[in-house]
Amino acid sequence: MRLRAGLLLGLASFILASPAHRALGGRSPYLRDWMLYRDVGVGLVQASFAVHDPDGHTTDIDRFTALKLPRAAGAPRWLTHISGETGLHRICSQLCAALGPGADLRVHARIATTAGWAELDHGEHNRCLPQPPHPLRPEATPRRLHD
Amino acid sequence: MIDLLTREASTRSAALLRIAVVLLLWTRFAAELTLVATPSVPLSLAFFAATACLLVGLWTRLSAPATALVTLVLYFWFGVHRGHTAWIHHHHYLLVSAACICALTPCGRSFALDRLRRAGPERGPVWALRLYTLQLASVYLWSAQAKLSPAFLGGAQLEHIAMSLYFGSDPPTWPAYSVLTVAAAWLVTLLELALGLGFLLGKTPRWLLLAGVALHAALYLSLPVATFSATMICLYLAALDPDAVDRWTRGEPAPAPLSTASAPRTDPLDSRT
């Protein structure tokens, strides 16, 4: 009877309380958390692209069409799932090359972070010119399994 | 507490859970523990020997703790300590936990070869079944706690998941999509809180269990959750009255209620006490 009571209380306490360790910021890999699917999609970028004409008009462009790459099955993953600022920069570079010299490419983009969406670009800069430095966003990098 | 520790009831729930846990362990680990794929031949031999005996209910007092020990070695030694990270996800831990709790139940007294050697009433102490439901409560409550943030309740994290799995960087642009993700986020969080409190307090009415099954069915269809959904649904069995499950497995009608106030539980899907 005492053994049963001890086992029940001890195991029940461990089952219910041990996830608090990681919820409070602990990092021991030996204690499990239940933050299910917490970082899936973190780092993905949602972006729209447009070209500014010299006369001030703006024309939206489709990145698949502009790069002459398929949209559905067979599309490269770096194009369908824009990953981080590096992935966005890669696509902008290819679009600028495809649009030709003197193109004025504007981007509206946001990135998935652990705290929700964060704005990346409001279309203020010509992406075909050298870019101002962007601060690194640690919250836009998926945490490792036991971070 | 005393009632819980001393109560004896049908062991059929524990036995069904024993069989389910082994089948889930095989579903998840067997292919990676065949001799051509295993990181350790002794581990594989111990895994298959222990779980095979447990499945058919042979020497369960030995095979159940052996299975628990093997799963602990799988998770903590090979997974955490030696860095085989493919074995240390949430669904693995849940299976390890279920295997450990199984070792504390009288799971060999029903649907088992052990009964051929030692016939007796299919009754035993069922206090350890409560640990299954506390494990369910822990999963739901801590999962809901992690969702209590503007990032999740505002729908952003569900949008991220949908982008990663379905839409890529081009999610739907129709306005209802945002409304849908916010509604889904609130629905999932509230349901997890209700399930967590229900299992914690031992009060899980039929509608709540069915809602939980629907939640896990939807998760299984839409996300790569491996054995997680199936394990959670199987563990719901521990929340049902063991004697009602017993009657159901025998195809016996439920006893007629003596009066409204003292009606015994007749519905195996209603664990209110």
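Key figures for this structure:
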| item | result |
| --- | --- |
| Integer Hz, Karplus 6.51/-1.76/1.60 couplings in order for region A:69-78, x for Gly and Pro | 10, x, 8, 8, 4, x, 5, x, 5, 5 |
| Shielding by partners - mean other protein chain Cβ count within 10 Å, residues of A:111-121 | 4 |
| 5 angstrom amide H check on B:R123, placed H, neighbours 5+ away | B:T11 |
| Cysteines without a disulfide-compatible neighbour (Cβ-Cβ under 4.7 Å), chain A | A:C92 |
| In sequence order, calculated HN-Hα J values of region B:14-26 (Karplus, 6.51, -1.76, 1.60; Hz; x Gly/Pro) | 4, 5, 4, 5, 4, 5, 5, 4, 5, 4, 5, 4, 5 |
| Relative packing of B:22-35, B:124-137, which averages over residues the other C-beta atoms within 10 Å, highest first | B:124-137, B:22-35 |
| Per-residue average of Cβ from other chains inside 10 Å of B:239-250 | 0 |
| For region A:1-32 versus region B:49-108, the gap between their alpha-carbon centres in whole angstrom | 18 |
| Mean residue ellipticity (222 nm) of chain A, computed from DSSP H runs ≥ 4 via -39,500 (n - 2.57), nearest 500 | -8500 deg cm²/dmol |
| Residue mean of other protein chain beta carbons inside 10 Å, B:132-144 | 4 |
| C-alpha long axis of helix A:2-17 to longest principal axis of chain A, angle in ° | 20 |
| Loop chymotrypsin sites (Phe, Trp or Tyr not before Pro), region A:1-86, which have at most 14 other Cβ atoms in a 10 Å radius of their Cβ (DSSP) | A:Y30 |
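Each value in this text was obtained by applying a stated rule to the coordinates, not by laboratory testing. Every value quoted in this text rests on a predicted model; they were computed, and no experiment measured them. Positions of Cβ are generated from backbone atoms using ideal geometry, with glycine treated the same way; all protein chains shown enter the neighbour counts.
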